[in-house]
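Where a number appears in this text, it was derived from the coordinates with a stated rule and is not lab data. Keep in mind it's a predicted model, so treat the numbers as computed, not measured. Cβ atoms come from the backbone with ideal geometry, glycine included; neighbour counts cover every protein chain shown.
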Amino acid sequence: MSLSDEAAKKSSGKSVATFGGGCFWCTEAVFLRLKGILKVTSGYTGGIVPNPTYEEVCKGTTGHAEVIQVEYDPKVISFEQLLDVFFHTHDPTTLNRQGADTGTQYRSAVFYHDETQKVAAQKAIDELNRSGDFDSPIVTKLEKLTVFYPAEDYHQDYFKQNPGNPYCQVVVGPKVSKFQKRFKALLKDDAAK
């Protein structure tokens with residue numbers, strides 16, 4: 001996403017956030033269920049290889065993380081609420097690992113779009129570290145978003161499109177169920193479907 005695209009979105013009342021919290025199939029399935037979310041795109045960022053493929057990112061040699069880019073209405077849901085969901089729907093205390101998924105491509109990261117997002121994310125991390133919500137310190141990286149590369153089409157809305165996939169049944173489904181219980185007040189009306 002270019003800076004002019006970013007400015008156009010802001011002028012239309014949309015805001016954009018980019019999060020890396022392990023496998024993008026999981027994070028996408030969670031964020032699609034939130035009120036105020038207009039669009040979620042799975043993709044890659046944070047690395048050195050232009051236009052990476054899923055296979056290249058999975059090897060862990062591109063420097064890219066699997067991420068989601070979220071377009072949202074800040075009048076309905078705030079960036080701080082998105083951060084709360086992000087931090088409580090993956091393990092932000094494990095370095096380069098989410099469950100069985102290991103490597104820098106699965107790192108916990110907020111790819112901030114501006115200084116306001118960076119400050120808010122750092123504040124959230126500091127508060128969580130003080131709160132005792134987690135047994136270990138938060139290791140989430142704050143990285144300036146440079147270029148976001150959308151993932152291949154078959155990764156988009158993966159959980160909905162592939163409910164019979166074993167990974168979706170064993171990992172994504174339980175994560176979504178846990179999220180829906182904790183964040184009931186933030187769910188879209190049809191999110192239980």
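Tell me, in nm to one decimal, what length is gained between Ile48 and Ser177 on full extension, where the rule is 0.36 nm per residue of separation less the Cα-Cα distance?
Gain on stretching Ile48 to Ser177: 42.9 nm.
Would you calculate, for the chain, the mean residue ellipticity at 222 nm contributed by helices, counting each DSSP H stretch of 4 or more residues as -39,500 (n - 2.57) and dividing by all residues, to the nearest 500?
Dividing the helical sum by the residues of the chain leaves -9500 deg cm²/dmol.
Among Phe79, Phe134, Phe111, determine the one that fluctuates most according to a GNM of the chain built with springs between C-alpha atoms less than 10 Å apart.
Phe134
Given labels modelled 7 Å from the Cα in the Cβ direction, how far is it in nm from Tyr167 to Leu187?
Distance between label points: 2.5 nm.
What distance in nm separates the simple spin-label points at Thr116 and Ser131, each placed 7 Å from Cα in the Cβ direction?
Placing both labels 7 Å beyond Cα along the Cβ direction yields 2.2 nm.
Ranked from highest to lowest mean number of other Cβ atoms within 10 Å per residue, what is the order of the peptides 84-96, 60-72?
Taking the mean over residues of other Cβ atoms within 10 Å, the ranking is 60-72, 84-96.
What pairs from Lys160/Lys188; Lys14/Lys39; Lys118/Lys184; Lys35/Lys181 go past 18 Å between their alpha carbons?
Lys118/Lys184
Arrange the peptides 154-162, 50-58 so that the one whose residues have, on average, the most other Cβ atoms within 10 Å appears first.
Most protected by this proxy first, the peptides run 154-162, 50-58.
Could you tell me the relative contact order of segment 3-171? Use alpha-carbon pairs under 8 Å, at least six residues apart, and round to a whole percent.
So the answer I get is 29 percent.
According to the Kirkwood expression over distinct Cα-Cα pairs, how big is the hydrodynamic radius of segment 3-171, in Å?
16.1
Working out 0.36 nm times the residue gap between Lys160 and Glu56, then minus their Cα-Cα distance, what length gain in nm do you get to one decimal?
Result for the pair: 35.0 nm of gain on full extension.
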